[in-house]
């Protein structure tokens, strides 16, 4: 049997997968970004694991979460990545800040003040008006105890106010409003920034520049829940259902422990199974902090939000933009977001 | 035309000999039919091309906008008929008014400045002087660069913290401006970039328009003692009117659908401060993880309607100009 691989840009992949589904020529196996699984499920073009026979037993529940809708599972994760706080040890040392002391928001803000006092820049993140902006804001949003079903809760306002205060006080540069995760990383790479919120995928580059990593703190201490990134193997609906067995065999082979560890090491992912994670950590001890970060991560489309998430997320990043740029206060931006999200979901 | 002429000729022959007409009439009808078929054969590729690449997509876009498509009904194709509900939704959306106003400001400010600067440069370069050729070529550079390159460069130059523009302002001890990240500046920033990109087009067209004006008119005016200013307003400008009209119409349509520059520089933000109708349509259709094709198509159709209205205005203006 020959396997033909077709690659697409992430942003074009959703539309492409929908068009293929419409024309009835979906691929046998589709690897997609995890929040897209819920969109494609809603479109009815993915099979459940009950239909295609994939086993999900060994996979960590929180990583599998993005593929679960109404109790049914629609694929298996290839690996997970998430966000953490990279820091520049040289700057923290010069400012007299110990990385281990940063366990809650007030400790972090105090550290940013010390960094600013020695003439360095505080923190950079991506606050852009796309999905990336929501992805980067969620650790703070969830870390305050807010819930995506209530965007205008006092906890949500506290999280957004944390970001806007950093920008206003000069702890974060104004450019975070238009920074993607890549441009925000480039800012961190200049070596002027003490902290940079970024993903697992930058760990190789971080090691090169001597940067280290801590988990993002929650408002009142402990690690904040972070959103899972990463992709899912899915098996789209076919006219010939006999192909599912073969497709499932291929997916099981690609996601077997030895194969997935190689893949995940190459793609800077953390394996979705305990066996895979152990294999990764025993080969490279520095991955331990990422394994614990992924351990507290949760799916954006989880909590059974499914396709409500994209609607909520769009309103969330809009509110973040309004508050960051000073077009509205955190509270009124989030109130507007909540009413727009409610209207969007009921439509 | 061919068919009409052959019909006239056969009518003449009819009068000559009605008696022997019976057998030859059938042959002639056959002949006429075959020429008609040939004519259709020649038109067919164009008609087919127009139908496949223009009429059908337009029909699909209208169909998308008057049905209520979700991702599920996009696959199954059984979206319920929604009438004008999508249009009413977008008009009542809180994004509609800012997007429409931004589009209007963006289009009219772009065209006004592109056209004025382009015309001024065309008149300037029309009087040949040493190095005028190379200078004129330099002005074409924005046109030659891929939009991705020029928009990215503008966005680096206008970066709040590390951009060269703010560094320059700082050297002149003027406070930094948040070009792309402040709601009051973002539209102005994308406007500046778009005007810069549009000047060469206006320059080239107006320059070729100037070349078509006979030099005798200018000489006559100079002999009559008209000043440079008078020559421009009373000769150059009126004689350039047909060229100006088409330049303005093309500029209007190009600017109405500008997407890349804004998307690369601000993604329509912060909030909706630089969102135009084109950006909004993209955001609805492709900007989120859950595409809303019907609303995106409705916004797209609004853009088409605006373009058609201005094209009709152009046709009326042109016919009035020709009547004079």
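Bear in mind these aren't lab numbers, they're just calculated from the coordinates by the rules spelled out. These numbers come from a predicted model, not from an experiment. Here the Cβ positions follow ideal geometry from the backbone for every residue, glycine too, while neighbour counts run over all protein chains shown.
Note on chain A: GNM, Cα springs under 10 Å; of A:78, A:123, A:45, the largest mean-square fluctuation is that of A:45.
Would you mind classifying the protein assembly as shown by shape? Square roots of the alpha carbon gyration tensor eigenvalues, ordered a ≥ b ≥ c; an a/c under 1.5 is rounded, otherwise it is prolate if a/b is larger than b/c and oblate if not. Oblate shape, in that a/c is at least 1.5 and b/c is the bigger or equal ratio. For the residues B:295, B:189, B:88, a GNM of chain B with alpha-carbon springs under 10 Å puts the largest fluctuation on B:88. Cα axis of helix A:308-325 to longest principal axis of chain A: angle in degrees, 0 to 90, nearest 10? Between helix and principal axis, roughly 20 degrees. As a length-normalised measure over Cα pairs under 8 Å and 6 or more apart, the relative contact order of the range A:1-148 settles at 13 percent. The long axis of helix A:243-254 is offset from the longest Cα principal axis of chain A by roughly 40 degrees.
Helices in chain B, meaning DSSP H runs of at least 4 residues, each add -39500 (n - 2.57). Divided by all residues, the mean residue ellipticity at 222 nm is -22500 deg cm²/dmol. Computed over chain B, relative contact order equals 25 percent, with contacts defined as Cα pairs under 8 Å that lie 6+ residues apart.
Between the C-alpha center of the range A:50-75 and that of the range A:197-252 there is a gap of 14 Å. Is chain B best put as rounded, prolate or oblate by its Cα gyration tensor, with a ≥ b ≥ c the root eigenvalues, rounded for a/c under 1.5, and otherwise prolate when a/b is larger than b/c, oblate when not? Oblate is the answer for chain B, as a/c is 1.5 or above yet b/c matches or exceeds a/b. If you take the square roots of the eigenvalues of the alpha-carbon gyration tensor of the range A:14-120 and sort them as a ≥ b ≥ c, do you get rounded (a/c under 1.5), prolate (a/b over b/c) or oblate? Taking the square roots of the gyration eigenvalues as a ≥ b ≥ c, the range A:14-120 is prolate. Antiparallel beta bridges, as assigned by DSSP with both residues in the protein assembly as shown, represent about 85 percent of the total such bridges.
Centre-to-centre separation between the Cα atoms of the range B:219-248 and those of the range A:119-184: 57 Å. Estimated from helical segments only, the mean residue ellipticity of chain A at 222 nm is -14500 deg cm²/dmol, where each DSSP H run of four or more residues counts as -39500 (n - 2.57).
Of all beta bridges that DSSP places with both ends in chain A, some 85 percent have antiparallel geometry. Each label was represented as a point 7 Å from its Cα along the Cα-to-Cβ direction; for residue A:55 and residue B:217 these points are 8.7 nm apart. Across chain A, Cα pairs under 8 Å and at least six residues apart give a relative contact order of 29 percent. With R₀ fixed at 56 Å, the C-beta to C-beta distance from residue B:72 to residue B:245 puts the FRET efficiency at about 0.70. Angle, helix A:257-267 long axis vs. longest principal axis of chain A, Cα atoms, 0 to 90°, nearest 10? Once rounded, the angle reads 50 degrees.
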